[in-house]
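The values are calculated or read from the model by the stated rules, or taken from the named source; none is laboratory data. Quick caveat: nothing in here was measured; it's all calculated off a predicted structure. When we count neighbours, we look across all protein chains shown, and the Cβ atoms used for this are built from the backbone with ideal geometry, even at glycine. These area figures cover heavy atoms from the full protein model, side chains too; ligands, DNA and RNA do not enter into them. Shrake-Rupley method; radii C 1.70, N 1.55, O 1.52, S 1.80 Å.
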Amino acid sequence: MTTTATSKATGPWGRFSAAEAAVNRAVAGSRVGSYFKLDARKSSFTKELCAGAATFLTMAYIISVNAAVLTDSGGPCTARDCTPVATTNSTSTVAPGPECTVVGANPGYEQCLARTKSDLIVATAVAAMAGSFAMGVFANLPLALAPGMGANAYFAYNMVGFHGSGPIGYRTALAVVMLEGVVFFALSAVGLRSRLARLIPRNIRLASAVGIGLFLAFTGLQAHQGVGLVGASPSTLVTLTACSDVDPATGACLGGTMRSPTFWLGAVGFLITATCLARDVKGSMIYGILFVTVVSWIRGTSVTVFPDTAAGNAGFEYFKKVVDFHMIGTTAGRVSFAGFRHGNVWLAFLTLLYVDVLDTTGTMYSMAEYGGFVQDGAGAGGGSFEGEYRAFLVDAGSTVLSAGLGSSTVTTYIESTAGIREGGRTGLTAITVAALFLASLFFGPLLMSVPPWAVGPSLVLVGAMMMRVARDIEWGDMKEGVPAFVTMALMPLSFSIANGIIAGLGVYVALHWYDWARHGYRKVSNALDERRNQVAAATGGEVGPAAAQDVV
């Protein structure tokens, strides 16, 4: 036994452990260790590196998922990017109309979408890298940032609309995101952010999270950005599809249902990811996406992402580069405030601000409490934690940067718990995440080749994870339960996060106004009674005209 223990201590593993301990002692005793408070927070340099890697693995999916969702908006692409079509006599060409933006209808528009997706992959990685780095350096917290799920779906499908079919143009939508970030920064700077979050009724806050989860799941089940399990129906609006052939314009099923090979491949990816989540495997969200993507890279199959077409061949040639650094060419700096005279713009602004206040503030408090940063007497309900002020400023500032790059709102990721579980307690964890996002910038060809049926299952599972807060809603009180249900039901059914929030708040006010009025009446009545008692006491117990004359 003694010989075995000695061999372990002097063998390769022992030498590695000794070297690791030496590195940790050196860093802890340096200015870096002092700045990040490694000893004070009972952490070490190598532990922070491992924690950062764990956090990155759990949220790396956002690079391809966010880019895919935002590309559905069409980005800066319009009908002007479509390839001219030949006339009937084939001697000349004419500019196509808006119909050319239908999926797969025009090669010029498809090429523009490909460029936009490449830009958004870089924008997502840069926003995540900058936000996480700033969080680590300035706030010294192990929290990672990236463009948030929910806000990106609202941007793509409600604000800009699928391929620009919504009420707000892409450039104006970016201006809305930027303005929201600036206002968010100002609210954080003056300390109003957490107070605003507490003004929203608790059950509406919880229902908003659940509704956004349902919205994401519904998106992941559709064909354009998911596995294609549900689609349009002329009689029931939505129905089961997974068809072998789908109308690209309407999404209607043209072949038999449940015959789509890409759906079944996506279903396998869903089961892989769900199994990993159930077993608490690190990087669970990655494995299903990775499996489906790798299988889809095989050419000559019914599930390939590189079919034998002009677009498929071009995509495969780019994919073979593997490593390539792409410079943003079309999405950065596209902000325009020209459309702010429309009411839809201000509704979108208030919705983004509402979601950001609830999502990011709640996530930060939860992560701070989980990591043990909350100060004595503080809590997730409205206390404070170490680095709170700077963390809020970094989060808001990252949104402004993200809008400038062409992406949506940045938020603190709940996946940061993976790194905290690994022992991450300082900003070095967030800096490690930033370094890994930087490395991802050089693998654009691989990230560009992730198909929708690989991304869809992750959207569904993100939605599933957001369901957990539904148990905290006060369902036994109908004045609380009904507004919460309206909020979460209307988000997916109207395909609008804003509609769900507005309806839920409206129903909440309608069901509570009587109680508020009665409470106000009682306060006024009690104040008047107290005043009468004071007058009676001053006049020896008489109240009336005689007492008034005595007072005079």
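Numbers below:
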item	result
Area of Y413 that stays accessible when all protein chains are in place (1.4 Å probe, Å², to 10)	10
Label point distance in nm, R15-Y389, each placed 7 Å from Cα along Cα→Cβ	5.1
Förster-model FRET efficiency, 51 Å R0, T309 and V469, C-beta, rounded to 0.05	0.70
Degrees, to the nearest 10: 12-28 long Cα axis against longest axis of the chain	50
Zone of V182's modelled label, taken as backbone nitrogen in segment 315-349 under 19 Å from a point 7 Å along Cα→Cβ	332-349
Helix 478-493 vs. the chain, principal-axis angle (Cα, 0 to 90°, nearest 10)	20
Inter-site label distance for F340 and L199 at 7 Å from Cα along Cβ, in nm	2.0
Of all DSSP beta bridges in the chain, antiparallel share, percent nearest 5	90
Acute angle (nearest 10 degrees) that the helix 388-405 long axis makes with the longest principal axis of the chain, alpha-carbon atoms	40
Full-stretch length increase - S233, A439 - with 0.36 nm per residue and alpha-carbon distance subtracted	69.8 nm
Carbon plus sulfur fraction of accessible area for the chain, probe 1.4 Å, in percent	64
Across the chain: Cys residues that no other cysteine approaches within a C-beta distance under 4.7 Å	C50, C276
Placed amide H near S233: partners under 5 Å, 5+ positions off or other chain	V238, T239
Computed helical MRE - 222 nm, the chain, DSSP H runs ≥ 4 contributing -39500 (n - 2.57), nearest 500	-19500 deg cm²/dmol
For segment 193-244 and segment 452-496, distance of Cα centres in Å	7
Listed residue pairs exceeding 31 Å between alpha carbons, taken from K37/K282; K282/K479; K47/K321; K47/K117; K37/K117	K282/K479; K47/K321; K47/K117; K37/K117
Phi-based couplings in Hz for segment 209-219 (Karplus 6.51, -1.76, 1.60; Gly and Pro marked x)	4, 5, x, 5, x, 5, 4, 5, 5, 4, 5
Of (1) 38; (2) 49; (3) 34, the label for percent of Cα pairs over 37 Å apart derived from the coordinates	(1)
Cα-based shape type of segment 128-277, given that a ≥ b ≥ c are square roots of the gyration tensor eigenvalues and the cut on a/c is 1.5	prolate
Label-point gap, in nm, between V281 and F319 - each point 7 angstrom along Cα→Cβ	2.3
5 angstrom amide H check on A146, placed H, neighbours 5+ away	T411, Y413
Amide H contacts under 5 Å for D324, placed H, 5+ residues apart	F443, G444
Computed accessible area, S188, all protein chains, 1.4 angstrom probe, square angstrom	0
J(HN,Hα) series, segment 148-164, from Karplus relation 6.51 cos²θ - 1.76 cosθ + 1.60, nearest Hz, glycine and proline x	x, 6, x, 5, 5, 5, 4, 4, 6, 9, 9, 7, 7, x, 4, 6, x
FRET efficiency estimate (nearest 0.05) - Cβ-Cβ, E99 to R518, R0 51 angstrom	0.35
Whole-Hz couplings from phi, Karplus 6.51/-1.76/1.60, listed for segment 326-338; x for Gly and Pro	9, 8, 5, x, 10, 9, 6, x, 8, 5, 9, 9, 5
